[in-house]
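**Q** A single structure is presented below for examination.
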């Protein structure tokens, strides 16, 4: 599996761009800052996830004054040719997004993950261990759909049920539910508890597979014997149904569900030290890389495919020794790398693309 061709039209600063990265090895985008290197990786990521890793505002992706942007990718799954097309259209009030896989609309994020599994690491990737719980939950959600397509349905059902329960809580405006309202709340609470248990079970299964991989990779990257551990931390104690019953008054007052998987966290520790609060920046960066690469290897193990690896300006954030160790640990398959600095001396890419040549 690998991306053979990428075409951009009016995407970010590019009026038009066509590139052919090496589908099985390392392709480096080597050019000065401001030439659109990160935008190329962003375009690839939008094909794989339908979302940018840089912005939540879709209109940011459309070149100034242009009415729409297009991203087209061609890849092969063994002998099968797959084309992914993304069109972003600027409207008066919003920006619409249309995705097609071989001419058919994918039904979910999980469908895209099945076509083009992806691992991304950017300078902001350290947030997976340094920032709030939502970053670790998002990482787990993406990893789940990449390793097992069926989890997409669990994730989407959980989101729907949570939205319905929260909508009902908001309409009650802090008042105690009566009659049919209490019955309806009971139904949504029961469904939420049921789907939450299924979601947590999958999260725990993925973490169980990820933990030893991330631990081993951390030691290789840091050349330090510290033990990296991942611990799932629920936002409640005991049985979830009991916790929801106990929190119902607070939920009514606040207008949203205060306990559940949507508020859980994954604690990352080094020899018992909380990486978020008690680790150096170098330790945090190595831990973040270990988690991303560990997830990459987990997809390889469970699905037998090599995800596309995107490394955006990573080497500028690493010292030479860590850079060399990262190169030694690069997994099999296609890797796209951006840098404005000279390449590490041990790096031997198959293709080097200088984006300044398009000007």
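Computed from the coordinates by the stated procedures, all read-outs in this text should not be read as laboratory data. What you are looking at is a predicted structure, and each value in this text was computed from that prediction instead of being measured. Note that each Cβ is placed from the backbone with ideal geometry, even for glycine, and that neighbours are counted across all protein chains shown.
**Q** In what sequence do 37, 98 fall when counting other Cβ within 10 Å, fewest first?
**A** By the 10 Å Cβ count, ascending, the order reads 98, 37.
**Q** In degrees, nearest 10, range 0 to 90: what is the angle between the Cα axis of helix 320-329 and the longest Cα principal axis of the chain?
**A** In the chain, helix 320-329 runs at an angle near 80 degrees to the longest axis.
**Q** Rg/Rh for the stretch 69-119 to two decimals, with Rh computed the Kirkwood way over all alpha-carbon pairs.
**A** Rounded to two decimals, Rg over Rh is 1.03.
**Q** Can you list the equivalent-ellipsoid semi-axes of the stretch 206-312, largest first and in whole Å, using the square root of 5 times each Cα gyration tensor eigenvalue?
**A** One finds semi-axes of 33, 18, 13 Å for the stretch 206-312.
**Q** Hey, what D do you get for the stretch 202-247 in µm²/s if you plug the Kirkwood alpha-carbon radius into Stokes-Einstein at 20 °C and 1.002 mPa s?
**A** In µm²/s, the coefficient is 167.
**Q** Per the Cauchy relation, a quarter of the hull surface: what is the mean projected area of the convex hull of the alpha carbons in the stretch 9-57, in nm²?
**A** 4.1 nm²
**Q** Relative contact order for the stretch 30-108: what is it in percent, counting Cα pairs under 8 Å that are at least 6 residues apart?
**A** Reported relative contact order: 20 percent.
**Q** What value, in deg cm²/dmol to 500, does the helix sum -39500 (n - 2.57) over DSSP H runs of n ≥ 4 give at 222 nm once divided by the residues of the chain?
**A** Calculated from helices alone, the mean residue ellipticity at 222 nm is -14000 deg cm²/dmol.
**Q** The stretch 272-359: D in µm²/s via Stokes-Einstein (Kirkwood Rh, Cα pairs, 10 °C, 1.306 mPa s)?
**A** After rounding, the answer is 107 µm²/s.
**Q** Something else now. Starting from the Kirkwood radius over alpha-carbon pairs of the stretch 20-83, derive D by Stokes-Einstein at 10 °C in a medium of 1.306 mPa s and give it in µm² s⁻¹.
**A** Answer from the Stokes-Einstein relation: 116 µm²/s.
**Q** Also, I was wondering about something else. Over all pairs of distinct alpha carbons, what does the Kirkwood formula give as the hydrodynamic radius of the stretch 238-283, in Å?
**A** That comes to 13.1 Å for the stretch 238-283.
**Q** Over the Cα atoms of the stretch 139-268, Rg to Rh with Kirkwood Rh, two decimal places?
**A** Looking at the stretch 139-268, the ratio lands at 1.09.
**Q** Could you work out how far helix 37-49 tilts from the main Cα principal axis of the chain, as a 0 to 90 degree angle to the nearest 10?
**A** Relative to the chain, helix 37-49 is tipped by roughly 50 degrees.
**Q** Pairs of Cα atoms under 8 Å, at least six residues apart: use those to get the relative contact order of the chain, whole percent.
**A** Relative contact order of the chain: 25 percent.
**Q** If you build the convex hull over the alpha carbons only and average its shadow over all orientations, what do you get for the stretch 95-143? Give it in nm² to one decimal.
**A** If you wrap the Cα atoms of the stretch 95-143 in a convex hull and average its projections, you get 4.8 nm².
**Q** While we're here: Out of all Cα-Cα pairs in the stretch 26-181, roughly what percent, to the nearest whole number, are more than 18 Å apart?
**A** Summing the P(r) tail past 18 Å for the stretch 26-181 gives 69 percent.
**Q** Which percentage, to the nearest 5, of the DSSP beta bridges contained in the chain is antiparallel?
**A** Rounded to the nearest five, the antiparallel share is 70 percent.
**Q** Let me ask another. Pick out which of 262, 345, 149 has the largest mean-square fluctuation in a Gaussian network model of the chain, springs linking Cα atoms closer than 10 Å.
**A** Among 262, 345, 149, the largest GNM mean-square fluctuation belongs to 345.
**Q** Report, in degrees rounded to the nearest 10, the 0 to 90 angle that the Cα long axis of helix 133-147 makes with the longest principal axis of the chain.
**A** The angle comes out at about 70 degrees.
**Q** Here's something else I'd like to know. Kirkwood hydrodynamic radius of the chain from all distinct Cα pairs, in Å?
**A** 22.0 Å
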